[in-house]
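Worksheet: the structure to be examined is printed underneath.
The values are calculated or read from the model by the stated rules, or taken from the named source; none is laboratory data. In this text the structure is predicted, and so the values were computed from the model without any measurement. Heads up, the Cβs are rebuilt from the backbone with ideal geometry, glycines too, and the neighbour counts pull from every protein chain shown.
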């Protein structure tokens with residue numbers, strides 16, 4: 001059985017030493033968020049992850065959720081763990097004190113969300129969806145709506161969902177058919193079916209607040225005719241208390257490959273009472289608040305799985321003995337050497353480690369940007385952070401989840417045949433993580449968003465802003481550290497990144513299919529270069545700590561060794577991606593559809 005431990009030490013390194021979060025918090029006005037407070041929060045979050053959530057992870061997979069006439073029961077221990085989560089005040093961490101929150105930074109709460117997901121992905125889905133629901137209400141709800149719903153959502157006694165897609169439309173939300181009819185009292189009646197609704201029905205909270213996309217009568221076709229509604233599981237009386245059951249019911253729960261402890265529901269709305277959020281026919285604009293938070297959160301789920309896979313594989317590789325080392329016996333007292341001495345096992349472990357730690361740095365950097373956009377009073381600073389987030393959000397969502405597929409696969413591979421056996425937990429981790437590349441927009445959709453909408457749509461401005469940050473850093477450290485070769489590698493990759501963008505743009509001007517043909521390879525290239533930028537920074541910081549003298553020498557030496565592995569074996573993957581991008585769209589599009597037929 002895999003034993004997950006929250007990565008407190010590495011998270012402290014990334015937040016406190018690499019990203020200088022302490023001065024960041026002080027500059028944004030979080031004077032009470034001291035280093036001691038952060039460490040205390042991390043300690044308690046680690047205990048909750050390790051001792052409460054991790055032990056019921058396998059149970060959730062074995063039992064799954066059960067449904068009886070629309071009533072969903074979660075696996076043994078899930079409801080009790082959620083009660084402890086609420087009692088501990090975890091749901092309210094990053095929300096303003098004026099609406100019942102603790103007024104702590106978003107970045108701090110998201111660090112902890114990684115650990116909760118790493119210890120129990122299925123369980124973490126329930127509170128995770130609530131945060132986006134809260135952000136949507138905060139950003140677009142009326143004062144009356146906020147007064148009715150926010151307090152309970154923030155304290156955690158109610159949970160939230162996002163109800164977007166339908167059986168026929170998938171990610172093409174312009175095709176949705178769910179309708180909303182106005183009522184005489186100013187409310188609406190929503191009718192239709194939504195699918196793939198995480199935490200759509202369960203027994204862990206007193207009410208569930210659904211955020212639903214639907215069409216008003218005579219609304220324009222496509223995405224311009226979509227409105228956003230609040231549909232509570234239970235309607236509220238005039239005092240805001242739970243009253244009668246609304247006409248919304250779980251029709252079934254999906255039979256899934258993984259995250260079986262998470263109730264993924266088909267939700268049927270049959271004239272359910274609803275409340276309009278924001279302006280009519282502007283629902284997608286409001287939903288982007290929800291979706292952008294959710295996309296970063298999904299990337300963090302990929303990161304958490306990569307960390308969990310590395311922990312499990314490392315423990316097994318240090319304990320399992322098989323064969324002798326080709327360079328000489330390493331365990332003379334035993335019948336064989338531990339498998340960690342074999343180069344190919346090292347390759348898999350270092351790939352996992354380099355992704356876990358590099359991706360964590362990128363994710364936390366984005367959380368820092370979210371803090372700036374949320375709390376900074378400097379308009380120019382906030383706008384700059386928004387520009388960087390616009391570029392990096394699709395990279396975080398797609399790259400962190402795609403590399404998680406590789407990391408969890410290696411987790412199984414290190415175990416050999418035992419990795420395919422349920423008792424060890426590694427095959428569950430691979431199954432649970434597979435969904436992350438799909439929801440909140442598949443990798444292909446994120447890639448098109450990055451290349452077509454964000455980069456080409458801004459005439460390259462968003463990329464230029466981030467590229468300038470990287471090149472400025474490279475110029476600063478090139479002659480100040482021993483890592484000149486790595487610095488030059490990142491610098492030259494940025495130049496190539498800019499040139500690739502121009503080349504694709506010129507090709508797409510002649511043939512629009514060139515964008516789609518290049519997009520996923522382009523996104524992965526962007527991810528490898530971006531994470532390489534953070535590995536360069538981590539190596540520089542680690543060497544500074546070693547030069548200053550430290551009691552944690554092994555930790556910093558490991559950083560530098562892992563950085564070397566990343567630059568020698570991972571960043572070099574960009575070579576094949578460049579070749580693939582330059583090959584163009586003809587090799588994809590020239591073949592007639594008839595030739596795809598089998599037999």
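Numbers for the structure displayed
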{"item": "Members of the range 219-235 found to be assigned to a loop (DSSP other than H, G, I, E, B), within 30 Å of residue 245 (Cβ to Cβ) and out of contact with any helix residue (DSSP H, G or I) (no Cβ under 6 Å at 6 or more places or on another chain), listed by number", "result": "233"}
{"item": "Index of the failed condition, residue 182 passing every other in (1) over 28 Å from residue 68 (Cα atoms); (2) in contact with a helix residue (DSSP H, G or I) (Cβ under 9 Å, 6 or more places away or on another chain)", "result": "(2)"}
{"item": "Residue in the range 541-551 that is modelled with the lowest pLDDT, counting only those that are surrounded by fewer than 23 Cβ atoms within 10 Å (Cβ to Cβ) and in contact with a helix residue (DSSP H, G or I) (Cβ under 8 Å, 6 or more places away or on another chain)", "result": "550"}
{"item": "The lone exception for residue 575 - which of (1) over 31 Å from the mean Cα position of the chain (by Cα); (2) farther than 23 Å from residue 360 by Cβ it fails", "result": "(1)"}
{"item": "Out of 321, 293, sole residue that is over 22 Å from the mean Cα position of the chain (by Cα), in the same structural domain as residue 425 (by TED's automatic domain parsing) and modelled with pLDDT under 95", "result": "321"}
{"item": "Leading residue by the ranking (modelled with the lowest pLDDT) among those in the range 1-41 that are closer than 30 Å to residue 62 by Cα and surrounded by fewer than 21 Cβ atoms within 10 Å (Cβ to Cβ)", "result": "1"}
{"item": "Some residue of the range 368-380 being touching a residue at least 40 places away in the same chain (Cβ under 8 Å), in contact with a helix residue (DSSP H, G or I) (Cβ under 7 Å, 6 or more places away or on another chain) and surrounded by fewer than 17 Cβ atoms within 10 Å (Cβ to Cβ)", "result": "yes"}
{"item": "Residue match in the range 58-75 (condition: closer than 30 Å to residue 379 by Cβ and over 22 Å from the mean Cα position of the chain (by Cα))", "result": "no"}
{"item": "Neighbours by Cβ (under 7 Å, 6+ apart or cross-chain): first from the range 454-472, without any contact (Cβ under 8 Å) to a residue 60 or more places away in the chain; second in a helix (DSSP H, G or I)", "result": "456/505; 460/501; 467/494; 467/497; 467/498; 471/491; 471/494"}
{"item": "Exclusive hit being in contact with a strand residue (DSSP E or B) (Cβ under 6 Å, 6 or more places away or on another chain), free of Cβ contacts under 8 Å to residues at least 40 places away in the same chain and surrounded by 15 or more Cβ atoms within 10 Å (Cβ to Cβ), set 179, 152", "result": "179"}
{"item": "Checking residue 212 against (1) under 26 Å from the mean Cα position of the chain (by Cα); (2) more than 27 Å from residue 447 (Cα to Cα); (3) crowded, with 22+ Cβ neighbours inside 10 Å, the condition it does not meet", "result": "(2)"}
